[in-house]
Amino acid sequence: MQNLGLLAPEIALSLLGLGLMLADILAPAKSSKLLYHFAWVAAAVALALIARGLSVSGGLPLPVSGGLWVVDPMSQFFKLAVLLSVIMTVMLCLEYGQLPPAQAGTFCALLIFSTVGMMLLVSATDMLLVFVALELISISSFVLTGFERRNRKSNEGAIKYFLFGAFSSAIMVYGISLYYGATGTTRLVDPQSAGLWLPALQTKSPVFTLAMLFILLGFGFKAAMAPMHFWVPDAYEGAPLPVAAFLSVAPKIATIGVLARVYMVLVPAASLGFTTLLALLAMLTMTVGNTVALFQDNVKRLLAYSSIAQAGYILIGIVAGTALGIQGVLLYSLVYVAMNLGAFAVVQAVGDNGSRDGLGSYELAAFDGLAQRSLSLALFMTAFLLSLAGLPPLAGFIGKFYLFAAALSAGRSASGGISPAVFYGLAVVGVLNSVVSVYYYMKIAYHMFFLPANSGKGERLPSKDGGPLPAALHAGPYLYGCLAVALAGVLYFGIYPDPLIANVQLSVPHLP
Amino acid sequence: MNILSIITFLPLVGALVILALPKEKERSVQIVALLCSGLSLILSGALFFFFNRQTADMQFVERMPWIPSINVQYFLGVDGLSYPLILLTTLMTFVSLIASLNIKNRIKEYFFWFLILEVGMLGVFASLDLVLFYVFWEITLVPMYFLIGIWGGPKKEYAAIKFFLYTLTGSVFMLLGILAVYFKSSPHTFDLLILLQSHPTWERSFQILIFLAFYLGFAVKVPAFPFHTWLPLAHVEAPTAVSVVLAAVLLKMGVYGIMRVSYGMLPLGFQWFLPYLVIIAVINIIYGALCAMAQTDMKKMVAYSSINHMGYCLLGIAGLTVTGFSGAVLEMVNHGLITGALFLLVGVIYDRTHTRDIGAFGGLAAKVPVYAGLMSLACFASLGLPGLAGFWGELLCFIGAFPRWKLYTGVSVIGLLVTTAFFLRMLEKVFLGPLNEKWKDLADVDARELCALLPLVALTIYLGIYPKPALDLINATVGHMAGLFK
C-alpha cells in the first residue's frame, strides 16, 4: 500500500462520521448543536489537510492503491469544492428549525459519509470504486432527503429519489459489467503509467461503446441531466432545505468531476463518438431546466430546475473537451457552489420560520416585499440570482464566459468528422438559455422588490404603517456567515478571478 | 493619475456608502448621491481643459492586466468619440439626481441603483477592452430593471422585464461576437485598439457574421427598427429621471458601439451592411416621427421622437464622411441634452396634474409662463430650429449622408417635417387657446426643477449659437475614423 497518507482526509472523515453516530446515542438532545459544530470543524480540518497536501505534492498526480485511486490537482479541486459546500450546509443546518434534534448525530454522520463518497468519487480511477462511491453518496442522500419524517413531501421526495436512484445504479452496474467484458478489467488507468488509460484499442468495439453509454446514463442521473432529471424537483422540494441546498450542489459537482475525468481525460468523448450526443444532452438539459423553471411557483422547485439548467452549462465544457473546457468546468463548479448555496441560504432565511411547526413556506409569495423587510437579504439574493444568470461582474459570468469560450474554440479546431456547427450551436443555445433564465431569476427579484410585503396569511399590508407586520425573518449569525462566504466568493471571483484561474490551470497539464 | 477610473468609480463609492447608511437618513442619502455624481461631473468637466483636440489617439489611458490568463485587461481611455459622451453621462446623471429629489419612497434603494447605473454607463464609454466593455454594458441592465420596476408607472413590471430581456438577448450575441474575434486574432486579445488594426486578415464572411452578432447587441440599444418596441414602453413607465438617463445616455451606447466597434473593427461587415443600415436609418426617422405624431401621451411622443433622432445618427454614420460622423456624435450629445430637458418638462407637468394627455390641457402659457417658455425652447431645439443645438447635429448628419445616399437623405427630410408638425401641434394644444379651467391653480416650475433644467437649456442655446467647442472635441477623432474607410 503506497501513499496511504494521501487518503488521510477521507479516513479521518469516515472515522468521524462513525463517531458522530455513536455520539448520537450518548449525547443528550439538548447539546445537539454541538454535533453540528463538530461536523463542520471536521470538514474544515479535512479541507485544510487537502489544501496542505496540494501544496506538498506540487500538483503532480499521485496514484494510490495501485491505480484504484488518484490524487491530482483536479481531484483535489473538486474535493475542496465539496468540502466547502458541506461546511456551508452544516452552517445552514445550525439555523434550520425543522430537523429533529435527537437525531442530529445521525444527520451529520450521513452528511459526512456522503461527503466521503464524493471525495472518493472524484479521485476514483476504477469503475468499482466509482460505483461504491456513488452508492455511498446516494444511500446517504436518500435518508437525508426523508429526514423530516412528519413532512409527507419529505417522505415522497425520498421515495422518488430512491426509486430513480436504484434504477440508475442498476444501469450503471450493467454498464460496468459490459466494461469489464470489453476490457477485462475495471480499471480506468494503467497501474504502471498512472494517469493514462491503458489500451486505446477497445474503444472501437461496440460493447465498449455500449458500456460507456450506460455508464454515462448512470452519471446523468446523479448529475440530473435531462431527460434523467425527473427525481430532482420532488426530491428538492421535499428535502429539508439545507439538504436540498447540499444535494443541488455537492453530488452534482462531484458527478461532474468524475464525468470530466472519465469523458474528457481517460476515455475522451470524441474518441467514443459521443460528442454530438453529449452536446444534445447539454442543450436538452439547459433548455428543459430553464423552460420548466419559468412556470414554478415554489422557490425550491424553481431552484431545482435552475440547478438542472446549470448542469447543462457545465456540460458545455465537457463537450468541448479541450483544456479551456476543463478550466471552464472546474471554474464553474466552484462558483456554482457559492452562488447556489447562497441562494438556498436566502430561501431558508425567508421560508423557514425557525420552529418545528412545519409552517415554513417556500412559495414565491413568501418573498413578497423582502426588500422592505430586509434589504440586505434581498440584495444578497439578487447578487446570487444574477450570478446564476451569468451577469457580470459576478462570478457566474466568468464561469459562463469560460464555458462559451471553450465551445467556440472547440468549434474552431473541430476535427475528426465532428461538425463545428455542434459547438457553435451549443454556444448559441447556451447564451439564449441564459436569457431565458433571467426571466425566472428576475421573477424572484420581482417578488422581492416590486411587491408589497405579505402579512403572512396572504393578505397584503394595507399601508406602510398600519396592519400587522410580516413575521420576523429567522436568520442568525451562521446563516449570515454562510451568506457572507458565498457573496465574497461570488464578488471576488467575479471581479478578480485570476487566483482561481491559476489554480484551475494546474489541472490542465496532466491531460493527454 | 487614474482620472478616468476615479470618474467612473466615484459613483460606486457613493453607492456603497449609501448602502451602509440606515434607510431613515434620507437626506444624507441624497447628499451622498449628489456629492459623488457631482464630483464625477466636476472631474470629467475638468478634463475638458486637458483634452488634446489635435489627436485621434486615446488619452488619459490606463492599462493594467485584469485576467492575464486570457489576456483581459483593465484598459480605459477616451478620444473625441467617447469623451463628449462621458461628459454627457456625468452631466445628465447629476441633473437626473437633482430631478429625483422628489422621489418619496424607498429613497435609499433608488439612489443606490442610480449610482450603479452611472458606473455602468461611464464604464461603457471609457473602456477599451472588449470584455471590460461587455461587463460595463451589462452592469447598466440591472439597475435600470429595478429603477423602472420599482418606481415606474402602472405597467412597470412588464416594461422592466421587457427592457431587460430585450437588451440581454442582443448583448449575449455580442458576447459570442467578442469571443469569436478573440479566437480569430493572434495572439488572442480583447484589446480593442489591437483588434481595430487586425481586421485586414479576417475574411469577409467572418466579418459579416460577427458584424451581425455585434449589431444585434447595439441595435437593440439604439434602438434601431425593428428592435425598438421596448423603448416606448420603458420610457413611458419609467420615472422621469430614469427616462432622462435612458434617452440621454443609454441609447447612445448603441450608436457609440456601432461607431467604435462595428465600424472600425469589422469594415467589410460594415460595408456589406451599409445599404441596410441606411434603410433602417430612414425607417427610424420617418416611422419614429409618424408614431410620435400619432401619440396623445406627451411622454410617449417624446419617446418616439427619440427613435426618430437616433435615425439621424444612423444616417450620419451611413454617410461615412467626416461631416456625417461629426453630425452623429454631435446629434448624440444634443439629443441627450434636449430630450433630457423634454422628459424633465413632461415630468414637471405630470407631477402636478397626473396626466400626460396632450388633449387634457390648453392655454397653459398664460398660467405657467416659465414652463411654457422652457417647453417651447426644448421643442424647437428638438425639431431642429436653427440657433438651437439640435439644428447642427441634424444638419451635419444630412450633409454628411447626402453625397453617398442622395435619395435616402431626401426622403428623410420628410421626417423633419413630421417632427416639426407634432411638436408644434403639442405646443399649440397644451399652451395656446383658452385656459382649461381645471388647471387654473397650476403652479409654475419650482427651484428644484429649474436647477435641473437650466443647465440643459443653457447648453442647448450655447451649443446652438456656438457649436465650435463641441465640434473641436470631436473633429480629430472623426477625421481619423472617416479616413479608415476606403
| request: Identify, among B:L344, A:L315, A:L80, the residue whose Cα sits farthest towards the positive end of the charge dipole of the protein assembly as shown, taking +1 on the Cβ of Lys and Arg and -1 on the Cβ of Asp and Glu, with the dipole about the Cα centre. | output: B:L344
| task | Report relative contact order for chain A in percent, whole number only (criteria: Cα-Cα under 8 Å, sequence separation at least 6). | result | 15 percent
| request: May I ask you to list the aspartates and glutamates whose Cα is less than 13 Å away from that of B:K184, ignoring any residue fewer than eight positions away on the same chain? | output: B:E203
| task | Round to a whole angstrom and tell me the spacing of the C-alpha centers of the range A:108-127 and the range B:253-301. | result | 57 Å
| note | Taking a ≥ b ≥ c as the square roots of the eigenvalues of the Cα gyration tensor, with a/c under 1.5 meaning rounded and otherwise prolate when a/b exceeds b/c and oblate if not, the protein assembly as shown is prolate
| request: Quick one: check the C-alpha center-to-center distance for the range A:241-263 versus the range B:37-89, whole angstrom. | output: 44 Å
| Can you give the direction-averaged projected area of the convex hull of the alpha-carbon atoms in the range B:1-265, in nm²? | 14.1 nm²
| message | If I fit a long axis through the Cα atoms of helix B:369-383 and take the longest principal axis of the Cα atoms of chain B, what angle between them do I get, 0 to 90°, rounded to 10? | response | 30 degrees
| Based on Cα positions only, what radius of gyration and what Dmax would you give for chain A, in angstroms? | 22.0, 77
| request: Could you quote the convex hull projected area for the range A:219-302, Cα atoms only and averaged over all directions, in nm²? | output: 5.4 nm²
| message | Treating only the Cβ of Lys, Arg, Asp and Glu as charged (+1, +1, -1, -1), what charge dipole size does the protein assembly as shown show about its Cα centre? Round to the nearest 20 debye. | response | 620 debye
| Between the range A:383-411 and the range A:330-352, the Cα center-to-center distance that results, in Å | 16 Å
| request: Write down Rg/Rh for the range B:331-416, rounded to two decimals, with Rg from the C-alpha atoms and Rh from the Kirkwood relation over Cα pairs. | output: 1.09
| Relative compactness, the range B:37-110, computed as alpha-carbon Rg over 2.2 N^0.38 Å | 1.47
| Which cross-chain or sequence-distant (5 or more) residues have an amide H under 5 Å from the amide H of A:W69, H modelled 1.01 Å from N in plane? | A:V64, A:T125
| task | Run a plain Debye calculation on the range B:268-486 (Cα atoms as equal point scatterers, no solvent) and give log10 I(q)/I(0) at q = 0.11 Å⁻¹, rounded to two decimals, same order as the q list. | result | -0.54
| remark: Filtered hits (lysines, Cα-Cα < 20 Å from B:K440, offset >= 8 within chain) -> B:K367, B:K429
| query | Under the definition of Cα pairs under 8 Å and six or more residues apart, what whole-number percent is the relative contact order of the range B:1-265? | reply | 20 percent
| said: Can you give me the long-range amide H partners of A:R187? Hydrogens built in the peptide plane at 1.01 Å from N, cutoff under 5 Å, separation of 5 or more residues or another chain. | reply: A:M127
| query | Given H placed on each backbone N at 1.01 Å, which residues far from A:A226 in sequence or on other chains put an amide H within less than 5 Å of it? | reply | A:T285
| query | Counting other C-beta atoms within 10 Å, which of A:H447, B:H188, B:H480, B:H309 has the fewest, and how do the rest follow? | reply | B:H188, B:H480, A:H447, B:H309
| query | Stokes-Einstein at 37 °C, 0.692 mPa s, Kirkwood radius from Cα pairs: D for the range B:284-367 in µm² s⁻¹? | reply | 234 µm²/s
| message | With angles folded into 0 to 90 degrees, how steeply does helix B:130-139 sit against the dominant principal axis of chain B? Use alpha carbons for both and round to 10. | response | 20 degrees
| query | In which sequence would A:M381, A:M228 go, from the one with the fewest C-beta neighbours within 10 Å to the one with the most? | reply | A:M228, A:M381
| field | Degrees, to the nearest 10: A:477-495 long Cα axis against longest axis of chain A | value | 50 degrees
| query | Fewest to most neighbouring Cβ within 10 Å: what's the order for B:C379, B:C313, B:C451? | reply | B:C451, B:C379, B:C313
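Values in this text are rule-based calculations from the coordinates and carry no lab data. These numbers come from a predicted model, not from an experiment. So basically every Cβ, Gly included, is an ideal-geometry build from the backbone, and we count neighbours across all protein chains shown.
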